[in-house]
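J.: First, the structure itself, so that you have it in front of you.
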Amino acid sequence: MTVSTQSPVALKPVQAGQQTWTVDAVAQLFELPFNDLLYRAQQAHRAQFPTGEIELATLLSIKTGGCPEDCAYCPQAARYHTGVEPEKLVPLEDVIAAAKAAKQNGATRFCMGAAWREPKGRDIAKVEAMVSAVKSLGLETCATLGMLSQAQAQQLKNAGLDYYNHNLDTAPEFYGEIITTRVYQDRLDTLGHVRRAGLKVCCGGIVGMGESRIQRAGLIAQLANLDPYPESVPINHLVQVPGTPLCGTEPLDPLEFVRTIAVARITMPGARVRLSAGRRELGEAVQALCFLAGANSIFYGDKLLTTCNPEAQADRALLAKLGLQPQVGNGVTNCCECRS
Ligand code: SAM
Ligand code: DTB
Ligand code: SF4
């Protein structure tokens, strides 16, 4: 794709009211010289987050595998042979134990993920109990359970849920290549239900699925034009899992991943931009560039849902090496290792 790097892109005021982003304007950001893009992202980041601390969010898979959907990236789709065996819903005591451990390790947010197309009524009741229990430990709560009705979103809010994660995943134009069992509008509808219930929105996508740069710009434009834009924006780098249709996709240039983070920061200046799946493959130097580009949150803990994440100890060492402080939550125990 050739968009002139000379095109002037007006600096967006980071505190002013939200503005609409055209895909072209976002694509022009992607086309900036790398240093100019990172400089712009740093300006936006420092204006909104002067202390620059990194949020630590821990994930737990509360219902693994056996999903009826056909998301081409996902090891939990029942139709792909990935070695992920379907499991039952995790018992409440196990969720509480995992949340306590996450808090002890320094996490401030705990996200519960289920391999569902959408939760059933009896599922929601059980997740409500999990949310209330995790919330009472003094952690921020997040859940990702698939599509939600308005009533389900309200039930989760009433149980103490702070955030709901539901990703747009990619640009509308590329979406049909990745998922056929539900449409983009279904995702937007769920996000609307989540917002109307008063929940905070965690919504991002995946890059490295074979999409073009203009499609990456299309994803960012969709996210930035949500009104308001999401409070949390997880940017996943595709984890290629053998057995999934996307395994074998040509890997994305790591610097293009850094650019995506920078563009997310500039277009959604007040959001927590989270380095999500795929950090192990990125390595430390690329992650350091991502922090420079405005990432200020990570999934923290040895496991994502079914795939590996960097070890917590290695992440603490990386943050310490970069002089980055983890965010401290209300009532979080000060741990000598992660608060040094
Ligand atoms: N089933 C629910 C749903 O799809 O909304 C919640 C769980 S689903 C695993 C949550 C998100 O994980 C997906 O939307 C996708 O963005 C991300 N994800 C899943 N597999 C991934 C992979 N192999 N690489 C990167 N991100 C992935
Ligand atoms: C998100 O955007 N990424 C997380 C979380 N939200 C639920 C999930 C990543 C999953 C990576 C593949 C796996 O571990 O199964
Ligand atoms: Fe199911 Fe979610 Fe995986 Fe899609 S991403 S297959 S909905 S678990």
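The values are calculated or read from the model by the stated rules, or taken from the named source; none is laboratory data. Small disclaimer: the values here were computed from a predicted structure and weren't measured. All Cβ positions, even for glycine, are placed from backbone atoms using ideal geometry, and neighbour counts span all protein chains on display. Heavy atoms of the whole protein, side chains included, go into the accessibility calculation; ligands, DNA and RNA do not. Shrake-Rupley method; radii C 1.70, N 1.55, O 1.52, S 1.80 Å.
J.: Once you've got the GNM for the chain with C-alpha springs shorter than 10 Å, pick whichever of Thr180, Thr144, Thr58 has the biggest mean-square fluctuation.
T.: With Cα springs under 10 Å in the chain, the top fluctuation among Thr180, Thr144, Thr58 is at Thr180.
J.: Report the net charge of residues surrounding Arg195, where surrounding means a beta-carbon distance below 12 angstrom and charges are Lys +1, Arg +1, Asp -1, Glu -1.
T.: 0
J.: Now for a different question. Over the chain, with every protein chain in place, what whole percent of the accessible area is carbon and sulfur at 1.4 Å, could you tell me?
T.: For the chain, the apolar C and S fraction of the accessible surface comes to 53 percent.
J.: Then there's this: Averaged over all directions, how much area does the convex hull of the C-alpha atoms of the stretch 148-235 cover when projected, in nm²?
T.: 5.4 nm²
J.: Related question: Mind checking the dipole of the chain: about its Cα centre, +1 per Lys or Arg Cβ, -1 per Asp or Glu Cβ, Debye to the nearest 20?
T.: 800 debye
J.: While we're looking at this one, here's another question. Please list the three semi-axes, largest first and in whole Å, of the ellipsoid equivalent to the stretch 185-340, using sqrt of 5 times the eigenvalues of its alpha carbon gyration tensor.
T.: 25, 21, 15
J.: How much solvent-accessible surface does Asp227 expose, in Å² to the nearest 10, with a 1.4 Å probe and all protein chains in place?
T.: Here the residue's solvent-accessible area equals roughly 130 Å².
J.: To the nearest 10 square angstrom, what accessible area does Lys63 show with a 1.4 Å probe?
T.: Lys63 exposes around 30 Å² with every protein chain in place.
J.: Please build a GNM for the chain, connecting alpha carbons under 10 Å apart, and tell me which residue among Asn158, Asn236, Asn105 fluctuates the most.
T.: It is Asn158.
J.: What is the pair-distance distribution P(r) of the chain, computed from all Cα-Cα distances in 10 Å bins starting at 0, with each bin given as a whole percent?
T.: 6, 27, 37, 25, 6, 0
J.: With a 1.4 Å probe and all protein chains kept in place, how much accessible area does Leu255 have, in Å² rounded to the nearest 10?
T.: Estimated to the nearest 10 Å², Leu255 gives 80 Å².
J.: What whole-number volume per residue, in cubic angstrom, does the convex hull of the C-alpha atoms of the stretch 43-132 give?
T.: Hull volume over Cα atoms, normalised by residue count, gives 154 Å³.
J.: If you don't mind, there's one more thing I want to ask. When the solvent-accessible surface of protein heavy atoms is calculated with a 1.4 angstrom probe, in what order do Trp116, Trp21 fall, highest first?
T.: My answer, sorted largest first, is Trp116, Trp21.
J.: Step through the residues of the stretch 232-248 one at a time and calculate ³J(HN,Hα) from phi using the Karplus curve (6.51 cos²θ - 1.76 cosθ + 1.60, θ = phi - 60°), rounding each to whole Hz and writing x for Gly and Pro.
T.: 10, 10, x, 10, 8, 9, 3, 8, 7, 9, x, x, 8, x, 7, 5, x
J.: Arg280 to Leu324: extension gain in nm, 0.36 nm per residue of separation minus the Cα-Cα distance?
T.: Here the answer is 14.0 nm.
J.: Using only Cα atoms, figure out Rg for the stretch 97-219 and give it as a multiple of 2.2 N^0.38 Å.
T.: The value comes to 1.13.
J.: Report the extension gain between Ala101 and Ser149 in nm, rounded to one decimal, defined as 0.36 nm multiplied by the number of residues separating them, less their alpha carbon distance.
T.: Computed gain between Ala101 and Ser149 is 14.1 nm.
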